[in-house]
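Take a look at the structure set out below.
The values are calculated or read from the model by the stated rules, or taken from the named source; none is laboratory data. As the structure is a prediction and not an experimental result, all values here were calculated from the model. Cβ coordinates were reconstructed from backbone atoms using ideal geometry, including for glycine residues, and neighbour counts include every protein chain displayed. Quick note on the areas: whole protein, heavy atoms, side chains included, nothing else; ligands and nucleic acids left out. Shrake-Rupley method; radii C 1.70, N 1.55, O 1.52, S 1.80 Å.
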Amino acid sequence: MIMLLALQLAANALPAPPTAIERRCVAVIATVAYEQAKGRWKTLPAIGASGGEYAAIIGARLIDEAGMTEAAAGQALRDEAAGFKARPFDTAEAEGCVAIMQATLSAQPLPDPVK
């Protein structure tokens, strides 16, 4: 299911409010990045700065497309993180979220060149 969502995101040209899976993936990606910085979970692709970029995109979509305030968007993502930390780690879910993050980042338009 998560892989299917990743393919749909890559093909979807119109922005829409983030899905529950996309919001959850922000928490999953943040956890993976944190653990990788500590030398763990190296079997997953390196997250690095891409995780922060993904979180910023999802946060902006919560504000722009879902009509949330910045504070409400931040709280929604923190709530997802709290829920994720309460469950055992699921490698398959993390792999799916990495795929969703990569699809989301690759679908972003390139910035305008500096003139």
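When T43 is evaluated against the numbered criteria (1) touching a Gly at 6+ places or on another chain (Cβ under 7 Å); (2) open to solvent by 30 Å² or more (accessible area, probe 1.4 Å), which criterion, by number, is the only one it fails?
Just one mismatch for T43, condition (1).
Answer yes or no as to whether K38 is modelled with pLDDT of 90 or more and basic (K, R).
yes
Looking at (1) open to solvent by 20 Å² or more (accessible area, probe 1.4 Å); (2) in contact with a Phe, Trp or Tyr (Cβ under 6 Å, 6 or more places away or on another chain), which one does G67 not meet, given that it meets all the others?
That leaves (2) as the condition not met.
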